[in-house]
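**Q** Quick one: the structure is below, questions incoming.
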Amino acid sequence: MADKTNWGAAPYDIHPKEGKTSRVVVTGRDRWALEALIAAGPNGCTPIETPGPRWSGYVHNLRKLGVPIETVTEAHDGPFAGTHARYILRARVTRSEGHMA
């Protein structure tokens, strides 16, 4: 994962299974969430396993940029049983080494 103290703007290439590669520039907590999703691979992330204050908001923002993210609803037990979301990238995403988009 990137330097935990520097979440400035960074370009990423989105490589969908079908269609053209696109580039997005992500910053702040949205970038943090994208890096977490990349690191998690096909298992994806949950707010339980990777705590963050507003996962649904970060995912919403990334989707608006065109990043394909699936939401899977999962049940959990315990004293506060219920459901939580698992977010999974549905495209290969790589950090772009080129210039900013």
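**Q** Which residues, counting only those in segment 1-52, are hydroxyl-bearing (Ser, Thr, Tyr), under 16 Å from Thr94 (Cα atoms) and in contact with a Lys or Arg (Cβ under 8 Å, 6 or more places away or on another chain)? Explain how you work it out, then say what you get.
**A** Taking segment 1-52 and keeping what is hydroxyl-bearing (Ser, Thr, Tyr), we get 5, 12, 21-22, 27, 46, 50.
Going one step further and asking which of them are under 16 Å from Thr94 (Cα atoms), we end up with 12, 21-22, 27.
Matches in segment 1-52: Tyr12 only.
**Q** Can you tell me which residues in segment 49-101 are of a type in the set (Val, Ile, Thr), part of a strand (DSSP E or B) and touching a residue at least 12 places away in the same chain (Cβ under 8 Å)?
**A** Just the residues of segment 49-101 that are of a type in the set (Val, Ile, Thr), to begin with: 50, 59, 67, 69, 71-73, 83, 88, 93-94.
Those left that are additionally part of a strand (DSSP E or B): 69, 71-73, 83, 88, 93-94.
Listed by number, the residues that qualify are Ile69, Thr71, Val72, Thr73, Ile88, Val93, Thr94.
**Q** Also, I was wondering about something else. Out of all the residues in segment 29-41, is one or more among the charged types (D, E, K, R), part of a strand (DSSP E or B), modelled with pLDDT of 95 or more and under 21 Å from Asn6 (Cα atoms)?
**A** No, the conditions are met nowhere in segment 29-41.
**Q** Turning to a different aspect of this structure: Does segment 10-26 contain at least one residue that is assigned to a helix (DSSP H, G or I), modelled with pLDDT of 95 or more and either β-branched (Val, Ile, Thr) or touching a Pro at 6+ places or on another chain (Cβ under 7 Å) (or both)?
**A** No, there is no match, as no residue in segment 10-26 is assigned to a helix (DSSP H, G or I), modelled with pLDDT of 95 or more and either β-branched (Val, Ile, Thr) or touching a Pro at 6+ places or on another chain (Cβ under 7 Å) (or both).
**Q** Inside segment 42-55, can you point out the residues that are surrounded by fewer than 17 Cβ atoms within 10 Å (Cβ to Cβ) and closer than 23 Å to Gly28 by Cβ? First the steps, then the outcome.
**A** Step one: filter segment 42-55 for residues surrounded by fewer than 17 Cβ atoms within 10 Å (Cβ to Cβ), giving 42-43, 47-54.
Pro47, Ile48, Glu49, Thr50, Pro51, Gly52, Pro53, Arg54, listed by residue number.
**Q** Name the single residue that is surrounded by the most Cβ atoms within 10 Å (Cβ to Cβ) among those in segment 61-88 being under 16 Å from Val24 (Cβ atoms) and among the basic types (Lys, Arg).
**A** Arg63
**Q** What do you reckon, is Tyr58 closer than 22 Å to Gly82 by Cα, surrounded by 15 or more Cβ atoms within 10 Å (Cβ to Cβ) and modelled with pLDDT of 95 or more?
**A** Judged against the criteria, Tyr58 is a match.
The values are calculated or read from the model by the stated rules, or taken from the named source; none is laboratory data. Predicted model only: the values in this text are computed from it and were never measured. All Cβ positions, even for glycine, are placed from backbone atoms using ideal geometry, and neighbour counts span all protein chains on display.
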